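The values are calculated or read from the model by the stated rules, or taken from the named source; none is laboratory data. Quick caveat, the model's predicted, so the values are computed rather than measured. Neighbour counts are summed over all protein chains in view; Cβ atoms, including those assigned to glycine, are modelled from backbone coordinates with ideal geometry.
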Amino acid sequence: MTPEGKRGLTVAACLVVIAASCTWIYFTQTQAVKHNIALHERVGEVLAEQTAAVVGRKGKVVTISIETKEWPELKTQISAYKKRLKSLGSYELHAYEMDTKDQPKYGVGSGLSGRRYVRTVNKNTNADVFVSFIGAPRLNKEERAELTVKPRFIAEARAIDNLPSLFQHQLLEVAVVSRFQYPSPGPERPKTAEEWFNNRYQIVTATNAAALPKIQEE
């Protein structure tokens with residue numbers, strides 16, 4: 001083999017090593033830190049603060065979520081929620097992880113069905129509040145009738161079209177939702193966790209639910 005050929009093989013080998021190294025760095029480092037930690041910590045804290053506002057300094061809290069392995073931002077939210085809630089009072093915390101059955105509808109702020117929500121409520125009739133990290137269910141008339149108690153409910157939700165009905169039937173206390181009103185308050189380039197939260201999310205209660213879009217009742 002000519003010297004030029006040997007140099008060519010050496011260069012090719014080096015390029016392969018570099019490409020492999022870059023791939024390893026991407027999947028082990030970049031992928032691991034692809035969500036805004038400060039933002040999602042604040043989401044968890046806000047949900048905890050709303051929980052305390054609804055039930056006071058003590059009570060039975062049932063959280064509804066999914067396995068966080070594929071959702072690091074959800075893991076961040078839940079961890080911050082528990083830490084903040086502990087600082088706000090004495091709570092009996094029960095965590096329910098829904099089996100997603102690999103359905104793509106499940107994620108942060110989405111996926112909770114009416115059927116599964118009703119089942120969870122009816123299994124925990126002595127709970128003071130239910131807190132969902134995976135959205136608010138779209139409850140039809142039959143599902144509402146199946147509720148054996150009227151639960152107090154707090155939800156993190158990406159979709160907002162089903163929230164007016166829940167507020168109307170007094171089945172939702174607070175929703176922490178993806179921002180739908182613009183311009184958002186605060187600076188255009190958020191720096192603090194609170195600024196990030198106000199930029200990306202907003203809190204909806206019965207008092208300002210009229211701003212939500214309406215849909216036809218089922």
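Pairs meeting the criteria (first residue in the range 25-46 and modelled with pLDDT of 75 or more, second residue small (Gly, Ala, Ser), beta carbons under 7 Å, at least 6 apart or on different chains) are Ala38/Ala193; Leu39/Ala193; Glu41/Ala80; Glu41/Ala193; Arg42/Ala193; Gly44/Ser79; Gly44/Ala80; Glu45/Ala80.
Scanning the range 73-102 for residues that are of a type in the set (D, E, K, R), out of contact with any strand residue (DSSP E or B) (no Cβ under 9 Å at 6 or more places or on another chain) and surrounded by 15 or more Cβ atoms within 10 Å (Cβ to Cβ) yields Glu73, Lys75, Arg84.
When the range 163-195 is limited to residues that are of a type in the set (A, V, I, L, M) and farther than 15 Å from Arg115 by Cα, the one that is surrounded by the fewest Cβ atoms within 10 Å (Cβ to Cβ) turns out to be Ala193.
Restricted to the range 69-108, and to residues there that are assigned to a helix (DSSP H, G or I) and of a type in the set (Lys, Arg), the residue that is nearest to Gly59 (Cα to Cα) is Lys86. Right, Ile160: part of a loop (DSSP other than H, G, I, E, B), surrounded by 13 or more Cβ atoms within 10 Å (Cβ to Cβ) and in contact (Cβ under 8 Å) with a residue 40 or more places away in the chain or not? Here the answer is yes, as Ile160 does meet what is asked. Count of the range 120-142 residues, restricted to those that are outside any loop (DSSP other than H, G, I, E, B) and surrounded by 14 or more Cβ atoms within 10 Å (Cβ to Cβ), is 6.
Can you say whether Lys150 is without any contact (Cβ under 8 Å) to a residue 60 or more places away in the chain, touching a Gly at 6+ places or on another chain (Cβ under 6 Å) and over 30 Å from Asn199 (Cα atoms), as far as the supplied structure shows? So Lys150 fails the test.
If the condition is being crowded, with 17+ Cβ neighbours inside 10 Å and in a strand (DSSP E or B), then the range 41-68 contributes Gly59, Val61, Val62, Thr63, Ile64, Ser65, Ile66.
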